[in-house]
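Here is the structure we will look at.
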Amino acid sequence: MTKKLSGGMKFASVILGALLGGFMWRCRGEGGWGSSWGLCGVGLVMMLLIYHFYGNRKGMKFEMIPIGALFMSLGVTGYATVIIESSGILWSDLPYSGTLIGGEMPKFIGERGDILAPVNPISGAAIIFIMGFTLVPLFALFITSLFSDKEYKIKDYVIVLVIFFVSSLIYKATVAHPILKLINPEQVQYALMGLKDSGYNYSSAMAGYMSHFMNRDWTQDIPFFENYYMSIEHVADFLAVITISIYALVAKKDKYTAFGALVIDALTALGTTAISPLMATRHGAGIFMEKTLPNWFIKISDWGVWEFGTGFFFGLFLMIFIAITENKRAIRSGDDDTPVYNDKKFSFVFNLLLCLWVLCITPARIVGIRFARLLEYKIILPDDEPLATILIVIVATILGIFAIKILNKNILKKGGNAVDMLPVDFTKKLLPIYLCYCFLAYFFLNKLDILNIKEDITVPLMLITSALVAVIYIPVRLRLKKTK
């Protein structure tokens with residue numbers, strides 16, 4: 001048996017979760033991380049942090065770390081088109097004549113010719129909440145399953161993935177459309193207006209969507225329609241999140257995972273909705289106008305700050321949830337260094353695929369893209385694309401060779417786990433290394449963000465966050481050695 005964490009250590013885990021969540025989610029918005037790749041980095045850091053504090057329990061195997069990162073990378077993205085709707089506007093940067101459907105014309109026209117069409121801000125906030133609910137659903141369910149007293153195997157997680165994506169596909173073709181019309185009728189109306197204005201004669205926005213099902217590229221040439229497309233995605237995925245929780249509740253009889261995942265999703269959604277005005281104020285329209293907000297708030301309104309805020313709230317609420325509930329769940333029975341699969345060859349292949357993707361290709365992509373862009377920024381290269389690809393292949397290959405040698409030695413020859421050490425000890429080695437890697441890549445590659453400390457509010461924010469993480473993490477890590 002192991003000692004329980006003190007209240008002070010749990011508090012430290014919450015603070016670190018919020019800071020690291022904000023830091024990594026902001027990195028996610030930068031070249032090299034980007035989209036699902038960046039979410040994979042967020043997931044890896046959060047898994048490593050969780051193992052630091054709570055990894056000494058049955059089921060917390062090494063393989064769960066990269067699997068958790070992968071589950072985070074499968075979170076839903078593409079929310080940029082709807083994020084300002086809480087301001088009471090719907091944005092489009094495409095030409096729109098406004099001569100159809102009774103000659104209706106949006107009230108707001110941006111300085112660059114962008115169309116800022118009025119919507120109900122409450123409806124807009126509802127869409128953002130639904131979007132936020134779908135940011136980390138698979139990761140939330142995965143994490144809660146690790147703390148559950150029910151046993152989950154790899155096949156259970158595969159079933160969850162299949163249910164999520166298949167059910168989401170079904171919802172996109174059916175009920176998501178009437179639900180969206182109920183929540184945000186203005187958005188549906190503008191989507192139809194955009195179709196008409198672009199020369200399409202569809203009877204409804206749903207008919208236009210279904211004629212080019214799951215084709216986002218097509219929507220990007222039609223005013224307002226990409227907003228409709230992404231909102232349908234969010235509504236459908238929201239319903240899919242409910243569906244996988246029902247699976248955990250019914251098939252696994254696991255109330256903790258079923259409802260715990262939904263709580264984490266809801267809190268994350270609440271946080272990202274609350275921070276959405278940081279983006280909305282950039283357009284100076286709707287209920288969050290310059291007259292209603294202090295000047296300092298308007299000045300820091302920035303995409304990067306919103307990204308940081310989203311990750312901050314996600315990490316904060318995730319670690320609070322774990323801190324409150326973990327002692328009531330599965331018995332802490334010491335570090336679990338047993339492999340997921342007993343078959344050596346199968347275990348080798350399984351771990352190799354996980355490690356190549358999460359620990360080799362993903363970090364290689366960061367340094368490859370950002371270093372090439374640095375050279376382009378310094379006018380050393382005319383185009384960053386060729387060098388970035390070459391560097392990604394070289395770095396990933398080098399890391400892959402190391403991974404193959406380590407896995408071959410530990411799994412095939414020794415018959416043990418992937419890293420030949422306790423999972424918690426592994427995380428204590430990897431977390432500071434990976435964070436330093438991200439720190440250097442963020443500030444000193446790409447366009448040398450470290451030099452933009454006066455121009456970009458996110459740069460000092462990220463520097464302060466890095467300093468706070470170091471100040472808190474170092475003594476906490478030393479203290480954690482005494483909890484065993």
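Descriptive notes on the structure:
- In the condition set (1) crowded, with 20+ Cβ neighbours inside 10 Å; (2) assigned to a loop (DSSP other than H, G, I, E, B), SER347 is compliant with all but (2).
- Residue among LEU374, LEU381 that alone is within 25 Å of LEU451 (Cβ to Cβ) and without any contact (Cβ under 8 Å) to a residue 24 or more places away in the chain: LEU381
- Residue among GLY38, GLY32, GLY43 that alone is buried (at least 24 other Cβ atoms within 10 Å of the Cβ), assigned to a loop (DSSP other than H, G, I, E, B) and under 18 Å from the mean Cα position of the chain (by Cα): GLY32
- Residue ranges of helices (runs of 4 or more DSSP H) in region 193-251 with at least 2 members open to solvent by less than 40 Å² (accessible area, probe 1.4 Å) and modelled with pLDDT of 85 or more: 205-211, 225-250
- Filter result (open to solvent by less than 60 Å² (accessible area, probe 1.4 Å) and either outside any helix (DSSP H, G or I) or not hydroxyl-bearing (Ser, Thr, Tyr) (or both)) within region 422-438: LEU422, PRO423, VAL424, ASP425, PHE426, LYS428, LEU430, LEU431, PRO432, LEU435, CYS438
- Qualifying positions in region 252-264 - under 17 Å from the mean Cα position of the chain (by Cα), open to solvent by less than 10 Å² (accessible area, probe 1.4 Å) and not β-branched (Val, Ile, Thr): ALA261
- Subset of region 444-474 [more than 16 Å from SER13 (Cα to Cα) and either crowded, with 19+ Cβ neighbours inside 10 Å or touching a strand residue (DSSP E or B) at 6+ places or on another chain (Cβ under 8 Å) (or both)]: LEU445, ASN446, ASP449, THR458, LEU461, MET462
- Selected residue (only one of SER145, SER167 is modelled with pLDDT of 90 or more and out of contact with any Asp or Glu (no Cβ under 9 Å at 6 or more places or on another chain)): SER167
- Taking first residues from region 454-472 that are within 16 Å of GLY304 (Cα to Cα) and partners that are in a loop (DSSP other than H, G, I, E, B) and open to solvent by less than 50 Å² (accessible area, probe 1.4 Å), the Cβ contacts under 6 Å between residues at least 6 apart in sequence or on separate chains come to ILE457/ILE300; ILE457/ASP302.
- Checking each residue in region 1-13 for being open to solvent by 20 Å² or more (accessible area, probe 1.4 Å) and hydrophobic (A, V, I, L, M, F, W, C) picks out MET1, PHE11.
- Of all residues in region 407-421 being open to solvent by 80 Å² or more (accessible area, probe 1.4 Å) and either assigned to a helix (DSSP H, G or I) or touching a Gly at 6+ places or on another chain (Cβ under 7 Å) (or both), the one that is nearest to ILE472 (Cα to Cα): LYS409
- The sole residue among ALA396, ALA364, ALA441, ALA388 that is among the aliphatic types (A, V, I, L, M), part of a helix (DSSP H, G or I), buried (at least 18 other Cβ atoms within 10 Å of the Cβ) and without any contact (Cβ under 8 Å) to a residue 24 or more places away in the chain is ALA388.
The values are calculated or read from the model by the stated rules, or taken from the named source; none is laboratory data. Just so it is clear, the structure is predicted and the values come from calculations on it, not from any experiment. Ideal geometry is used to build each Cβ from the backbone, glycine not excepted, and the neighbour counts take in all protein chains shown. Ligands, DNA and RNA are excluded from the accessible area calculation, which covers all protein heavy atoms including side chains. Shrake-Rupley method; radii C 1.70, N 1.55, O 1.52, S 1.80 Å.
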